[in-house]
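Chemist: Encoded as structure tokens, here's the structure I'll be asking about.
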Amino acid sequence: MPLHKLEHFDPNYRETFGGDDVKALDVYTEGGQRVGLVVDVLVDDDGRFRYLIVDTNLDSVNKKILLPVGLARINYPARTVHVDGLSREQIERLPDHQEIENIDSDYEEKVRSVFRPSTSTVAYNETYNYQKEPALYELNEQYNQTFRLYEERLIANKHRVKTGEVAVGKHIETETARVTVPIQKERVLIERVVPTEAGTVDTNELKFQEGEVARIEVYEETPEIRKEAFVREEVRVKKVIERDTVEAQDTIRREELNVDTAGELHVQETDEIRHETV
């Protein structure tokens, strides 16, 4: 049966699996020894996982191998894959991973022969199908279940609410103003007095005149009142922001995982988030 790389079969596989990504998961033996990293997955025409492509590094042995998916226990939350009994000898016996178009039935049989127990009675022939060896190709739901633990969180947000408004305008007030202005008025004073030197006048020199003999102009000041506008004061209108911290509290819930074990079993904690595997 033809095999396909996961991303070629389903470009949106991360969304299909609810955000889980099998790539870049660390691979460990049952004893907790890291042996490599998952770099890709091979699926059949129906999209079923058949092999994990693992870039191994165990005791100075470096090669890419195909790992039948039935031998793997995938833990997505812990981002790990555990393999029962993967040894350096098996890695050395496994063929180097080749490009997808070069993986044929004979190549797969070489991979299966490394992991197949000596007591197996499965015969390889042209009618071979993966259902014949569920231990190699069927995901064990007991070990590969993904549990999502939920928790509630308080989310703080802000929105602007109009609490009022201020309108600033002008109005006119009137009043009667008084101003004092000193003015001058001219008047003519005519006085008749007795001459200080009384005597006779020579009639030959005397000239009698009629009509106007003198002119004096008389002035007076009149007040001139006008209005002028001046800037009395300035009013500046602006907004200022006052900051305050408001504290709120509520009761939130969080789910925790309960693991009930029977017998003497190994419980392992991995990564920053604690995950228990039985």
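Any read-out appearing in this document is the output of simple, stated calculations on the displayed coordinates, not a laboratory observation. A quick note: this is a predicted structure, and the numbers were derived from the prediction, not measured. Here the Cβ positions follow ideal geometry from the backbone for every residue, glycine too, while neighbour counts run over all protein chains shown.
Chemist: For Val179 paired with Asp21, estimate the spin-label separation in nm (one decimal), with each label point 7 Å from Cα along the Cα-to-Cβ line.
Modeler: 8.5
Chemist: To continue, here is another question. How large is ³J(HN,Hα) for each residue in region 83-96, as worked out from phi by the Karplus curve 6.51 cos²θ - 1.76 cosθ + 1.60 (θ = phi - 60°), to whole Hz, x for Gly and Pro?
Modeler: Working through the residues one at a time gives 10, 7, x, 6, 10, 4, 4, 5, 4, 5, 7, 5, x, 4 Hz.
Chemist: So for the chain: antiparallel DSSP bridges make up what percent, rounded to the nearest 5? All intermediate terms of the calculation are to be shown ahead of the outcome.
Modeler: Details: 27 of 31 bridges.
Expressed as a percentage, antiparallel bridges in the chain total about 85.
Chemist: Let me ask something else. Given a Förster distance of 22 Å, report the FRET efficiency between Asn125 and Lys5 from their Cβ-Cβ distance, rounded to the nearest 0.05. Let's see the in-between values first.
Modeler: On the way: r = 27 Å, r/R0 = 1.23.
Result of the calculation: an efficiency of 0.25.
Chemist: So between Lys207 and Arg88, what do we pick up on full extension, going 0.36 nm a residue minus the alpha carbon distance? Mind showing how you got there, number by number?
Modeler: On the way: separation 119, 0.36 × 119 = 42.84 nm, distance 16.13 nm.
Extra length available between Lys207 and Arg88 comes to 26.7 nm.
Chemist: Could I ask something else about it? Treating the beta-carbon of each Lys and Arg as +1 and of each Asp and Glu as -1, no other charges, what is the dipole magnitude of the chain about its Cα centre, to the nearest 20 debye? Walk me through the intermediate numbers first.
Modeler: Numbers: 38 positive and 58 negative charges, 97 e Å.
About 460 debye.
Chemist: Now a separate question. What's the center-to-center distance, using Cα atoms, between region 158-227 and region 40-61 in Å?
Modeler: 116
Chemist: Assuming a strict under-21 Å limit between Cα atoms, what lysine pair count do you get for the chain once near-sequence pairs (fewer than 8 apart, same chain) are dropped?
Modeler: Counting lysine pairs in the chain gives 15.
Chemist: Still on this model: For region 1-107, run through the GluC sites (Glu not before Pro) and keep only the ones in DSSP coil with at most 10 other Cβ atoms within 10 Å of their Cβ. Write out the running numbers ahead of the final one.
Modeler: Details: sites: Glu7, Glu15, Glu30, Glu89, Glu92, Glu99, Glu101; in loops: Glu30, Glu99.
Listed in order of number, the matching sites are Glu99.
Chemist: Can I ask one more? Bins of 5 Å, beginning at zero and ending with the bin holding the largest distance: percent of Cα pairs per bin for the chain, please.
Modeler: With 5 Å bins starting at 0, P(r) equals 1, 3, 7, 9, 9, 8, 6, 4, 3, 3, 3, 2, 2, 2, 2, 2, 2, 2, 2, 2, 2, 2, 2, 2, 2, 2, 2, 2, 2, 2, 2, 2, 1, 1, 0, 0, 0.
Chemist: If you look at just the Cα atoms of region 4-137, how large are its Rg and its Dmax in Å?
Modeler: Cα only, region 4-137: 14.5, 41 Å (Rg, Dmax).
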